[in-house]
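Novice: Quick one: the structure is below, questions incoming.
The values are calculated or read from the model by the stated rules, or taken from the named source; none is laboratory data. Because the structure is predicted, anything quoted here is derived from the model rather than measured. We place every Cβ from the backbone using ideal geometry, glycine too, and count neighbours over all the protein chains shown. Accessible surface is based on the protein model in full, side chains and every heavy atom, while ligands, DNA and RNA are left aside. Shrake-Rupley method; radii C 1.70, N 1.55, O 1.52, S 1.80 Å.
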Amino acid sequence: MIKKGIILVVDDNRGILAAVRMLLETCFQKVITLTSPQQIASVLREEKVDAVLLDMNFSAGINTGNEGLHWLGEIRKMNVALPVVLFTAYADIGLAVRGIKEGATDFIVKPWDNARLLETMRNACEPKSVATAAAQATATDGSDMFWGTSRVMRQLRQLVEKVAVTDANILITGENGTGKEMLAREIHALSGRGKQALVTVDMGAITETLFESELFGHVRGAFTDARADRPGKFEAANRGTLFMDEIGNLPYHLQAKLLTVLQNRSVVRVGSNTPVAVDIRLIVATNRDLQDMVDRALFREDLLYRINTIHVEIPPLRERTDDIVPLAEMFLLRYAARYGKPVLHLSPAAKERLTAQPWTGNIRELQHALEKAVIICDGDTLDAGDFDLPRRAAAQSKKEAATLGEMEYRMIREAMERFDGNLSLVAGQLGISRQTLYNKIKRYEL
């Protein structure tokens with residue numbers, strides 16, 4: 001086997017350096033080892049390094065516990081295209097994930113697996129063209145998840161593929177319509193639990209009185225309509241994944257009960273005293289700022305720590321405009337087939353108009369716009385005028401409501417802005433139940 005590639009390994013532990021060097025020298029042309037990151041710059045000036053294996057912590061560094069992230073930034077300043085693989089202890093996986101977001105190629109956990117380390121460093125040294133990366137990002141691999149070609153989504157995909165294979169709890173944040181549930185399904189499919197059940201719970205749709213029964217289950221006779229034993233969502237997701245959507249809508253006094261189950265990894269059905277062990281991978285999602293809710297005593301800080309092992313944020317569509325046209329073309333194909341239309345195309349003017357649209361409803365709004373355009377079109381090309389896109393001017397909200405639906409929509413929206421999304425307060429202000437409010441929010445896509 002012809003050995004190719006120069007690898008730079010930076011770690012303050014001489015024993016680790018020696019072991020890694022012996023391993024890497026079986027596959028690579030040259031392995032350079034450093035005990036101090038201070039020498040990285042001089043090595044990169046003198047050698048044509050193909051990849052760096054960088055420790056996350058050093059005995060003496062600029063930021064204790066964050067030295068690896070600091071030096072990752074320094075390396076990227078010197079050579080933004082140089083692949084950097086982070087070398088980390090299990091306790092610092094959270095920092096390694098942050099490193100992926102900041103441009104690292106991959107991470108290896110100590111103690112390492114020799115085969116995994118060699119494969120990771122080989123992959124890091126393989127050059128990839130931008131065109132290849134774009135093709136990978138948009139390839140149809142049997143998944144419903146559309147990753148796109150924008151830089152921010154490529155980074156997101158890289159991060160998801162790293163963390164999905166673990167059992168770490170994941171918090172997905174993003175605006176309405178960005179595809180949080182779809183991403184949760186993708187994470188489940190990529191995980192070791194992919195062949196088991198993915199159970200979805202809409203936390204905003206569960207009434208407070210049925211919270212425990214729905215999530216933890218009940219035994220026969222626990223209450224009036226409990227005619228038989230019934231497992232809850234946690235038991236249904238055993239050995240699989242439990243996805244809790246809209247976790248920010250869970251009332252504060254119920255959050256402690258959820259935290260107890262997550263800590264104990266067991267549930268007690270309503271009407272029973274016997275704990276039932278559950279083995280689940282937890283994914284939660286919200287469009288709200290949970291840290292801000294913690295600061296305002298609306299969300300428990302200990303629960304946030306429990307669900308936020310890994311934080312994944314989906315950017316809004318307006319921040320990744322490169323993905324708008326590919327997404328639109330994907331929806332064109334889908335809806336043309338559904339409605340028996342010929343293969344449709346977007347004119348240059350249509351592409352320009354779609355790209356310029358703010359898409360405050362994100363992918364969901366774009367999807368609806370394309371479906372409507374496909375339904376009403378007559379030819380095989382969609383032009384800018386074929387899209388009925390609203391102008392979201394500030395003055396528009398001042399106009400008189402033309403229908404009861406518009407009036408209701410505005411009242412709910414104004415109340416949600418006034419009470420900063422607190423559904424209990426909004427429902428009280430409007431004089432309706434929390435469940436009715438939630439149903440209307442879903443209807444109006446607020």
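Novice: Does any residue in segment 287-299 that is under 15 Å from residue 172 (Cβ atoms) come within less than 6 Å, Cβ to Cβ, of a residue that is polar (S, T, N, Q) and open to solvent by less than 90 Å² (accessible area, probe 1.4 Å) six or more places away or on a different chain, and which pairs are these?
Specialist: Here the result reads 287/176, each pair linking segment 287-299 to a residue that is polar (S, T, N, Q) and open to solvent by less than 90 Å² (accessible area, probe 1.4 Å).
Novice: Give me the residue from segment 198-221 that is outside any strand (DSSP E or B) and under 21 Å from the mean Cα position of the chain (by Cα) and, out of that set, nearest to residue 168 (Cα to Cα).
Specialist: The residue in question is 203.
Novice: Can you tell me which residue among 230, 265 is within 26 Å of the chain's Cα centre (by Cα) and of a type in the set (Lys, Arg)?
Specialist: Result of the check over 230, 265: 265.
Novice: Quickly run through segment 347-365 and pick out the residues that are surrounded by fewer than 17 Cβ atoms within 10 Å (Cβ to Cβ) and either among the aliphatic types (A, V, I, L, M) or in contact with a His (Cβ under 6 Å, 6 or more places away or on another chain) (or both).
Specialist: Hits for segment 347-365 are 349, 356.
Novice: Here is a further query. Of all residues in segment 408-444, which are assigned to a loop (DSSP other than H, G, I, E, B) and touching a helix residue (DSSP H, G or I) at 6+ places or on another chain (Cβ under 7 Å)?
Specialist: Listed by number, the residues that qualify are 419, 433.
Novice: What are the pairs with Cβ atoms under 9 angstrom where one residue, in segment 380-397, is under 30 Å from residue 337 (Cβ atoms) and the other, located anywhere, is at pLDDT below 80 and open to solvent by 60 Å² or more (accessible area, probe 1.4 Å)? Sequence gap at least six, or different chains.
Specialist: 380/343; 390/396
Novice: Another one. Is there a residue in segment 88-104 that is surrounded by 21 or more Cβ atoms within 10 Å (Cβ to Cβ), in a helix (DSSP H, G or I) and modelled with pLDDT of 90 or more?
Specialist: no
Novice: Name the residue, out of 282, 303, 317, 290, that is within 23 Å of residue 358 (Cβ to Cβ) and crowded, with 19+ Cβ neighbours inside 10 Å.
Specialist: 317
Novice: Of the conditions (1) in a helix (DSSP H, G or I); (2) touching a residue at least 12 places away in the same chain (Cβ under 8 Å), residue 342 clears all except one; give me its number.
Specialist: Among (1) in a helix (DSSP H, G or I); (2) touching a residue at least 12 places away in the same chain (Cβ under 8 Å), residue 342 violates only (1).
Novice: Still on this structure: Which one is nearest to residue 219 (Cα to Cα), of the residues in segment 272-286 that are over 21 Å from the mean Cα position of the chain (by Cα) and touching a residue at least 12 places away in the same chain (Cβ under 8 Å)?
Specialist: 272
Novice: On to the next question. Hey, does segment 312-334 have a residue that's of a type in the set (Gly, Ala, Ser) and in a helix (DSSP H, G or I)?
Specialist: Yes, that holds for at least one residue.
A quick yes/no check of all residues on (1) free of Cβ contacts under 8 Å to residues at least 40 places away in the same chain; (2) within 30 Å of residue 159 (Cα to Cα); (3) not in a loop (DSSP other than H, G, I, E, B):
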| position | (1), (2), (3) |
| --- | --- |
| 196 | no, yes, no |
| 223 | no, no, no |
| 234 | no, yes, yes |
| 239 | no, yes, no |
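Novice: I've got another one for you. Any chance segment 257-271 includes a residue that's in contact with a Ser or Thr (Cβ under 6 Å, 6 or more places away or on another chain), open to solvent by less than 60 Å² (accessible area, probe 1.4 Å) and in contact (Cβ under 8 Å) with a residue 40 or more places away in the chain?
Specialist: Yes, segment 257-271 has at least one match.
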